[in-house]
Amino acid sequence: MKKSILIFASLCLFCACEKQNVFTPLEPEKSISWTNTNIQGNLDEQKPRIQDDFYQSVNYDDFQNLKIPNDYFYFGVSGLAQQRIDDEIIQLLSSDEKSEFQGGETLKKIYKQAFDWEKRNLLGIKPALPILKLLQSTKNLDELIDLATKNKRILGTLPFNYNFDVFFDNRYVPSLDINYIFEDDFENAQLFYQKIFEKFGYSSSLAKSLIQKAADYESQFFVDGGKVREEIVTYLPDYLSSEYSNVPVVKLIEANGADGFIKYGVIRPAALRKFNEFFTEENFEQIKTLCICRFLFQSSYYLDKECFDIRNAYVVHKGTLNSPEYVYYSLMNSIYPLICGKMWLDKYFSEEIKADVQKIAQMILDEYVNHVKSWDWITAITRETTVQRIQNIKIVICYEEEMPTYETLIFDEEKHKSLFDSFMYLLDSRTQTMLNQIIENGKKIEKMEVTIPPQTVNAFYVPMDNSINIMGGMLGGEYYDLNWPIEKKLGYLGTIIAHEITHSYSLCYPNGEFLKVWQFEDQERLEHRLSYITSYFSTKEVSEGIYCNGDLCASEIGADLGSMSIILDIAKKYKDFDYKLFFESYAKCWLNLARPSYFETQMQNVHPFPYLRVNAIVQHFDEFYQAFGVTETDKMFLPKENRLILF
């Protein structure tokens, strides 16, 4: 089950000294702005001195060799890690070696089936014809709706879909959304549908006419460029049915097994409301054509080579990786990510790695506890609550419990004669497994980890169970290696873990409900101190005449500063600690390059540009100046009175 978990950090903890004369905010005109090397084409002609632009100097050679793939807006260390993991799982799927568990063996057999082009070409479009003929046979809207209540394949072709997200009271909620097929790219979409309709026997003129009418119809409920910009709204079933009276969403969802929910979420209410307005009998033919379009799009990867090539020509334009190996791995990973994840973990993960990462994480948690206990600038109740919360944090590495093996997921050569049949089986099994889990748990989330594939390249804090989650994708060589020295482990993974721990103190759930840990007066005092660092970051010019939005990035900046303070105090406990290697590792951890077109999107991000997360952080710590001999004549120098004293 693919489920979004939205976790927003509202505050993060650090402490500037109480005395106003210890820290003096830097005047904007005196602030040094380094080259924004995170935007493609901005690299200096010559490598700068490490004392003038630490981030660029450390990463200069890597930047020269880093290429953004065609299907990426940005690329860096995390992208390299994900590519490696993808390649490793593809190798496991294609290997002749038998999988150690049933679910893995089933995916391997279906993956192998995908490359039997001779058989697929012989079958051609036949596997998809029964569903297509059912759609073509419907004569009115009532027939289409009735068919959708009885057939999951037909339901999946409607212009809306549902999935499950956490929206309220820590419970599973069916979330509804509109599916656009033309979006704002009609010319290329039309080319794809023209070819695929003709492949299925439609005349050129009829296909063109149907596609144009369907696109015109969709444009009537194409709201706000098709982007999700609204807040998710939850409805009681009766109110949802009355609000969207033409579209029997509750009836359709319940008929397909997801019944008994007390609330439903709507991801784009305005779009669904507009769709409801045009979901009428007079628009039936256009609605049916949209359903056929969606079905043919969904089916095209599971039929013959000609269909595959038609689909691939379209998605290549859209910027998607297109090798057959990646396509079928990606499809399987989207349906059963935990199976792919277990195959990967069984091959590449070890208890030795888990124990080492556990030790690092616990060491960081213990250091946080020691720090918080000494904070005399917050009230006793806040201090005690914070210490208790940190002590109770659960460390999850890759996966909390034994992973499921999917023993009932069995490939049957008689039932699954075509790739189309096999993938429909995977989709149906996934949906039923998801519903069974929800029913078993009383529609309440008991185990957050079941929704997060262990191969994910990420680390994050989950407030619902007070856990720090370090996923396996972080532990394969880019962010961590068992044989690295401690300086490198702390520079990469250690600072990331420490950063996430700062997000455990005051968080906001997706529904807007705050998880309040601190007393109000302590939060006010913290926010006041936080304004120091936001004002400093706001002096940094990220492009000509455009400055970092320090207020927007406050929580992440504070978390970076707090984590660096914690890790540097841990470093003091190691004899002959190599601070150069540590800081250089920290800089390399944030290697990232984005296309110029991504600049505006990054400016909306609560995370500052990576070069600022390095340069504007390390210059507050004495250890950095001592390690690299930075003096007042260097651009990395920040006067001592302008540095923030943490904790």
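The values are calculated or read from the model by the stated rules, or taken from the named source; none is laboratory data. Everything quoted here is computed from the prediction, not taken from an experiment. Cβ atoms come from the backbone with ideal geometry, glycine included; neighbour counts cover every protein chain shown. When the accessible area is computed, the model is the full protein with side chains, heavy atoms only, and any ligands, DNA or RNA have been set aside. Shrake-Rupley method; radii C 1.70, N 1.55, O 1.52, S 1.80 Å.
So here's what we get for this one:
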quantity	calculated
Failed criterion for residue 111 (all others in (1) in a helix (DSSP H, G or I); (2) open to solvent by 30 Å² or more (accessible area, probe 1.4 Å); (3) of a type outside the set (Gly, Ala, Ser); (4) closer than 28 Å to residue 407 by Cβ hold)	(2)
Total residues in region 119-154, condition crowded, with 18+ Cβ neighbours inside 10 Å and not in a helix (DSSP H, G or I)	2
Residue check for residue 416: surrounded by 15 or more Cβ atoms within 10 Å (Cβ to Cβ) and in a helix (DSSP H, G or I)	no
Test: residue in region 293-315 that is surrounded by fewer than 19 Cβ atoms within 10 Å (Cβ to Cβ), of a type in the set (Gly, Ala, Ser) and under 25 Å from the mean Cα position of the chain (by Cα)	no
Residue match in region 608-623 (condition: surrounded by fewer than 16 Cβ atoms within 10 Å (Cβ to Cβ) and touching a residue at least 40 places away in the same chain (Cβ under 8 Å))	no
Residue within region 420-441 that is more than 26 Å from residue 255 (Cα to Cα) and either assigned to a helix (DSSP H, G or I) or modelled with pLDDT under 75 (or both) present	no
Criterion: touching a residue at least 60 places away in the same chain (Cβ under 8 Å) and touching a helix residue (DSSP H, G or I) at 6+ places or on another chain (Cβ under 7 Å) - qualifying residue of 327, 396	396
Within region 357-377, tally of residues that are within 31 Å of the chain's Cα centre (by Cα) and not charged (D, E, K, R)	10
Pairs, first open to solvent by 40 Å² or more (accessible area, probe 1.4 Å) in region 522-546, second among the aliphatic types (A, V, I, L, M) and part of a strand (DSSP E or B), C-beta under 9 Å, six or more apart	543/39
Complete set of residues in region 580-607 that are of a type outside the set (Lys, Arg), crowded, with 18+ Cβ neighbours inside 10 Å and closer than 21 Å to residue 486 by Cα	582, 583, 584, 585, 586, 587, 589, 590, 591
Residue selected from region 257-278 under the condition open to solvent by less than 10 Å² (accessible area, probe 1.4 Å) and farther than 14 Å from residue 233 by Cβ, by the criterion nearest to the chain's Cα centre (by Cα)	258
Selected residue (criterion: modelled with the lowest pLDDT) from residues of region 362-399 that are buried (at least 18 other Cβ atoms within 10 Å of the Cβ) and assigned to a loop (DSSP other than H, G, I, E, B)	399
Per-region count, region 84-115, residues more than 28 Å from the chain's Cα centre (by Cα), within 14 Å of residue 348 (Cβ to Cβ) and among the polar types (S, T, N, Q)	1
Subset of region 14-40 [modelled with pLDDT under 95 and either among the small types (Gly, Ala, Ser) or touching a strand residue (DSSP E or B) at 6+ places or on another chain (Cβ under 8 Å) (or both)]	16, 31, 33
Checklist (1) open to solvent by less than 10 Å² (accessible area, probe 1.4 Å); (2) farther than 26 Å from residue 65 by Cα; (3) within 25 Å of the chain's Cα centre (by Cα) applied to residue 549, failing item	(1)
Subset of region 84-102 [open to solvent by less than 30 Å² (accessible area, probe 1.4 Å) and assigned to a loop (DSSP other than H, G, I, E, B)]	99, 101
Any chance residue 575 is in a loop (DSSP other than H, G, I, E, B), surrounded by fewer than 17 Cβ atoms within 10 Å (Cβ to Cβ) and of a type outside the set (Phe, Trp, Tyr)	yes
Residue that is least open to solvent (accessible area, probe 1.4 Å), among those in region 202-218 that are farther than 10 Å from residue 182 by Cα and touching a residue at least 24 places away in the same chain (Cβ under 8 Å)	217
Number of the condition not met by residue 67 [criteria: (1) open to solvent by 60 Å² or more (accessible area, probe 1.4 Å); (2) part of a loop (DSSP other than H, G, I, E, B); (3) under 30 Å from residue 219 (Cβ atoms)]	(3)
Matching residues in region 249-292 - criterion: being assigned to a helix (DSSP H, G or I) and among the hydroxyl-bearing types (Ser, Thr, Tyr)	289
Considering residues of region 603-634 that are among the aromatic types (Phe, Trp, Tyr) and in a loop (DSSP other than H, G, I, E, B) only, the residue nearest to residue 549 (Cα to Cα)	609
Any hit, region 70-79, residues being buried (at least 16 other Cβ atoms within 10 Å of the Cβ), closer than 21 Å to residue 474 by Cα, touching a Phe, Trp or Tyr at 6+ places or on another chain (Cβ under 6 Å) and at pLDDT 95 or above	no
